[in-house]
Amino acid sequence: MKKLSISLLLGLATTTTGIVMGSGAAYSANLSFTGNLNDANDTPSFFFTADGTSTVDIRSYSYAGGVNAEGTTIAAGGFDPILTLFDASDNFFLEQEDIGLGNLDFQVSQVLPAGNYRAVISAFANFANQPNFAAGFNNTGDFFGQTSAYAFDIQGVNQSATAVPEPASLIGTAVAGFAVVGLKRKLTASRKTNQKSSR
């Protein structure tokens, strides 16, 4: 299986730290990222390239905590994160949240065809408006009393990550009045919001 070549672009308003395990310009490595959203509707982007048909593993720790790929213990108490993936044309590719009952972190292991991808981290229930990144997000994020901290790994890469600023105009892009969300998503969001409000 071919590995992934990763490059990272971060929003100027988002504090992020990336840890690369390994040494040299090209090597098999795991990436661990930690940071804080500027607000509940912040949407930092992380760009990577799949060099061939590859499996990318992305897993968050911001809600339940755990030990990341670097071996650092991540404290529980962060927000409920959503992962949204866009393809090379910035079209919606997938969305993932909630590992399972009681753990609102996300985990995805997805076979990707060769190409460039954008991964966006957002707080529940700030879902992406489809069909593409230009449609923005619905700006209904909430920390629900949790912290703004996020922590996640991108595993199975073969190149170090480089952090460079992304133009602020591309971060958290939203289209006014764009509120088209699937019925299933609405029901899920309503159920989860009611559960969190009763805590």
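Somewhere in the stretch 10-30, is a residue modelled with pLDDT under 90, aromatic (Phe, Trp, Tyr) and either surrounded by fewer than 17 Cβ atoms within 10 Å (Cβ to Cβ) or under 17 Å from residue 154 (Cβ atoms) (or both)? Can you show your working first?
Kept after step one, since they are modelled with pLDDT under 90, are these residues of the stretch 10-30: 10-30.
Pick out the ones that are also aromatic (Phe, Trp, Tyr) and you get 27.
Subsequent filtering for residues that are either surrounded by fewer than 17 Cβ atoms within 10 Å (Cβ to Cβ) or under 17 Å from residue 154 (Cβ atoms) (or both) retains 27.
Scanning the stretch 10-30, I find at least one residue that is modelled with pLDDT under 90, aromatic (Phe, Trp, Tyr) and either surrounded by fewer than 17 Cβ atoms within 10 Å (Cβ to Cβ) or under 17 Å from residue 154 (Cβ atoms) (or both), so the answer is yes.
Kindly indicate whether residue 121 is in contact with a strand residue (DSSP E or B) (Cβ under 9 Å, 6 or more places away or on another chain) and at pLDDT 95 or above.
On the way: in contact with a strand residue (DSSP E or B) (Cβ under 9 Å, 6 or more places away or on another chain): yes; at pLDDT 95 or above: yes.
Considered against the rule, which asks whether it is in contact with a strand residue (DSSP E or B) (Cβ under 9 Å, 6 or more places away or on another chain) and at pLDDT 95 or above, residue 121 comes out as yes.
Kindly indicate the residue of the stretch 33-57 that is open to solvent by less than 30 Å² (accessible area, probe 1.4 Å), modelled with pLDDT under 90 and assigned to a strand (DSSP E or B) and also nearest to residue 137 (Cα to Cα) among those meeting that condition.
Initial filter on the stretch 33-57 (open to solvent by less than 30 Å² (accessible area, probe 1.4 Å)): 33, 35, 37, 40, 42-46, 48, 50, 52, 54, 56.
From what's left, modelled with pLDDT under 90: 33, 46, 48, 50, 52, 54, 56.
Now drop any that are not assigned to a strand (DSSP E or B), which leaves 33, 46, 48, 50, 54, 56.
On the way: 33: 22, 46: 16, 48: 21, 50: 25, 54: 28, 56: 24 Å.
Taking the candidates together, the pick is 46.
Kindly provide the set of residues from the stretch 73-92 that are open to solvent by 10 Å² or more (accessible area, probe 1.4 Å) and modelled with pLDDT of 95 or more, ordered by number. Break it down into steps so the answer makes sense when it comes.
If we filter the stretch 73-92 for residues that are open to solvent by 10 Å² or more (accessible area, probe 1.4 Å), which is where we start, we get 73-77, 87-92.
Across the stretch 73-92, the qualifying residues are 73, 74, 75, 76, 77, 89, 90, 91, 92.
If I filter the stretch 103-119 down to residues being in a strand (DSSP E or B) and open to solvent by 50 Å² or more (accessible area, probe 1.4 Å), which single residue comes out as nearest to residue 48 (Cα to Cα)? Explain how you work it out, then say what you get.
Filtering the stretch 103-119 down to residues in a strand (DSSP E or B) leaves 103, 107-112, 115-119.
If we keep only those that are open to solvent by 50 Å² or more (accessible area, probe 1.4 Å) as well, we get 107, 109-111, 116.
On the way: 107: 17, 109: 15, 110: 14, 111: 14, 116: 6 Å.
That would be 116.
Tell me the residue from 141, 156, 100 that is small (Gly, Ala, Ser), modelled with pLDDT of 95 or more and open to solvent by 10 Å² or more (accessible area, probe 1.4 Å), please.
Numbers: 156 fails: modelled with pLDDT of 95 or more; 100 fails: modelled with pLDDT of 95 or more.
Among 141, 156, 100, only 141 is small (Gly, Ala, Ser), modelled with pLDDT of 95 or more and open to solvent by 10 Å² or more (accessible area, probe 1.4 Å).
Checking residue 70 against (1) modelled with pLDDT under 95; (2) farther than 19 Å from residue 33 by Cβ; (3) open to solvent by 60 Å² or more (accessible area, probe 1.4 Å): exactly one of these is not met. Which one?
Result: residue 70 fails condition (2) only.
The values are calculated or read from the model by the stated rules, or taken from the named source; none is laboratory data. Remember, it's a predicted structure, so these values are computed and weren't measured experimentally. Note that we place each Cβ from the backbone using ideal geometry, even for glycine, and neighbour counts take in every protein chain shown. For accessibility, only protein heavy atoms count, side chains too; no ligands or nucleic acids. Shrake-Rupley method; radii C 1.70, N 1.55, O 1.52, S 1.80 Å.
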